[in-house]
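All remarks here apply to the structure that follows.
The values are calculated or read from the model by the stated rules, or taken from the named source; none is laboratory data. Remember, predicted model here, so these are calculated numbers, not experimental data. Neighbour counts are summed over all protein chains in view; Cβ atoms, including those assigned to glycine, are modelled from backbone coordinates with ideal geometry. These area figures cover heavy atoms from the full protein model, side chains too; ligands, DNA and RNA do not enter into them. Shrake-Rupley method; radii C 1.70, N 1.55, O 1.52, S 1.80 Å.
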Amino acid sequence: MKLKYILIGFASVALFPSCDLQYDPKGIYSDVTEGVNEEGEELVFKTREDVEIYLQDLYVRPTENNTQYNWFRDQMMISDAHSDNAYAGTSGAEVVSIENNAVDAPHMMIERLWTRWMDDVAFVNKLICNVDNVLDGSLSQEEIDRYKAQGMIFRAIVWFDMARMWGNIPLVESVAGNITADNIEEVYPAYFPEQKTEEEAYRKIEEDLLFALEHAPDARGNKTLFSKEVALCLLAKIYAEKPIRDYSKVVYYADQLAARGYDLVDEYEKLFALDGNPNEDPSKSAIPAYSNTVESILEFHFIVGSNNKNTVTIFGRDWAKWDSQFTWAKWVTPSRDLIAAFESEGDTKRLNSSVVYYSCNWSKYYPSDNYPFMFKSRSRYSTWIKFRYADILLLKAEAYIMGPNMNLNAAADIIDRIRERVGLDKLSSTVRGNKELMLNAYMKERRLELAFEWQRWFDLVRLDKVEEVMNGLQSRDSGHLAFVNLFNQDSYRFPIPQSVIDTNENFVQNSGY
């Protein structure tokens with residue numbers, strides 16, 4: 001490649017949504033704290049304290065206002081409004097195209113997700129790549145590995161979400177310095193990374209998680225940590241995905257979580273409940289009634305002064321400030337099809353935990369005096385549960401249905417446990433004895449159990465159900481917008497942002513875009 005072409009490409013790097021390779025954390029850590037070693041090489045961290053500050057900044061990234069989009073907001077639009085669980089909610093082109101299947105490569109939300117996830121990778125790589133060389137030499141190898149393991153879990157979550165969205169993704173593992181004519185060939189891949197295959201992405205995630213499983217801290221009841229238990233959860237999830245599918249390992253890692261004490265809470269509502277609604281009773285608070293439950297594997301907390309209010313008000317009503325920003329239509333309006341699925345099962349407990357009705361000033365999908373809203377995040381202080389045991393337990397049921405060692409009775413027993421918690425009858429003997437009926441029952445159970453928890457679209461993709469479920473949706477749901485495009489095999493992956501295609505010659509656009 002000619003040097004002139006490379007430098008022109010580098011000049012446009014600001015247009016390419018990749019790593020912000022000079023990104024510094026939000027704490028007191030800054031370039032002022034950097035030092036050099038005896039060889040004159042620049043070191044990112046001078047002391048243990050610098051590393052700790054950087055790690056804490058890593059932990060708060062998912063809850064910051066700008067990064068809530070890729071960790072929560074946009075993901076819910078993709079997983080629920082792009083599936084049969086919800087309507088887009090409002091009339092903006094950005095969200096309507098998610099509902100009516102008109103997403104294209106220049107799409108703003110697709111660009112935003114890619115950019116912010118790549119920023120996350122760049123940020124965590126600074127920790128992973130530099131914690132070996134702390135200037136004061138105060139860290140033991142055990143401590144170094146523990147810091148790395150937490151960073152690798154964070155990065156694995158990001159890469160997992162990216163791989164499910166796009167399939168073939170970049171796997172940036174380095175931090176590039178300033179680019180010069182002398183080092184351009186060396187640092188070029190960090191600025192313009194290669195596009196790895198989906199299988200390569202999952203194998204790298206697997207490698208990092210196995211390292212983390214050995215070196216990450218134990219949760220010990222603190223479900224906010226990037227812990228060994230989160231690594232176990234993610235291993236169970238990645239082995240259910242087609243590129244490296246191994247259902248025996250799904251069962252194994254699900255059982256490992258159970259052996260560590262993970263289980264279902266006794267009441268479904270405890271996962272999302274608040275102390276009360278201060279609008280109805282001023283003596284009550286809008287603080288979560290429960291956190292760090294036996295079911296939570298990884299959760300993010302929002303305390304007084306944090307910015308969850310912006311996410312909550314995008315989806316519904318903030319109980320901590322009842323009328324705050326409740327004058328405009330919200331994202332992710334529960335669909336008639338989802339509500340009908342709850343009602344057909346007589347599943348009032350999960351319906352009432354997932355959907356709430358208010359009066360509002362708009363009537364885009366429903367009458368304004370009885371309008372449904374997503375209800376799993378209820379106040380600016382609500383905990384977001386990123387991963388929970390019910391998801392993994394149901395994946396174990398999937399392994400028993402779809403794996404080579406089929407055991408429909410074992411799968412049915414798991415599904416019955418999930419149903420029993422919300423007062424539903426056990427599966428019938430007819431269902432238990434038929435693989436196709438069991439798969440349908442399983443898919444419905446995941447839909448009702450995990451609605452608005454970033455799962456539905458990816459479940460349809462993982463089990464090759466997109467065309468079957470989505471192309472018949474409008475005959476079942478009179479409120480859904482007409483599809484611009486019917487779903488096909490190309491629909492299983494989203495387009496790579498056009499800016500990436502335009503600025504990085506290593507990338508090939510996904511089929512169909």
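When Trp328 is tested against (1) surrounded by 16 or more Cβ atoms within 10 Å (Cβ to Cβ); (2) part of a loop (DSSP other than H, G, I, E, B), just one condition goes unmet, and that condition is (1). Among the residues making up segment 414-438, those that are open to solvent by less than 20 Å² (accessible area, probe 1.4 Å) and assigned to a helix (DSSP H, G or I) are Ile414, Ile415, Asp416, Ile418, Met438.
Assess whether Ile98 counts as being in contact with a His (Cβ under 8 Å, 6 or more places away or on another chain), closer than 25 Å to Ala340 by Cβ and among the β-branched types (Val, Ile, Thr). So Ile98 passes the test. Identify, from the list Ser248, Ser227, the residue that is modelled with pLDDT of 95 or more, open to solvent by 20 Å² or more (accessible area, probe 1.4 Å) and small (Gly, Ala, Ser). After ruling out the rest, the residue left standing is Ser248.
Total residues in segment 274-283 satisfying the condition of being in a loop (DSSP other than H, G, I, E, B) and either among the basic types (Lys, Arg) or touching a residue at least 40 places away in the same chain (Cβ under 8 Å) (or both): the figure is 3. So for segment 164-171 (the condition being open to solvent by 10 Å² or more (accessible area, probe 1.4 Å), closer than 30 Å to Ala105 by Cβ and of a type in the set (A, V, I, L, M, F, W, C)), does at least one residue qualify? Yes, segment 164-171 contains a residue that is open to solvent by 10 Å² or more (accessible area, probe 1.4 Å), closer than 30 Å to Ala105 by Cβ and of a type in the set (A, V, I, L, M, F, W, C). Taken over segment 457-482, the criterion of being open to solvent by less than 20 Å² (accessible area, probe 1.4 Å) and not in a loop (DSSP other than H, G, I, E, B) is satisfied by Trp457, Phe458, Asp459, Leu460, Val461, Arg462, Val466, Met470, Leu473. The residue list Asn100, Asn85 contains one member that is under 20 Å from the mean Cα position of the chain (by Cα) and either over 26 Å from Lys376 (Cα atoms) or open to solvent by less than 30 Å² (accessible area, probe 1.4 Å) (or both), which is Asn85. Candidates in segment 288-313 are the residues that are touching a Gly at 6+ places or on another chain (Cβ under 9 Å) and of a type in the set (A, V, I, L, M, F, W, C); of these, the one that is modelled with the highest pLDDT is Val294.
The residues on offer are Asn292, Asn279, and the sole one that is open to solvent by 10 Å² or more (accessible area, probe 1.4 Å) and within 30 Å of Tyr239 (Cβ to Cβ) is Asn292.
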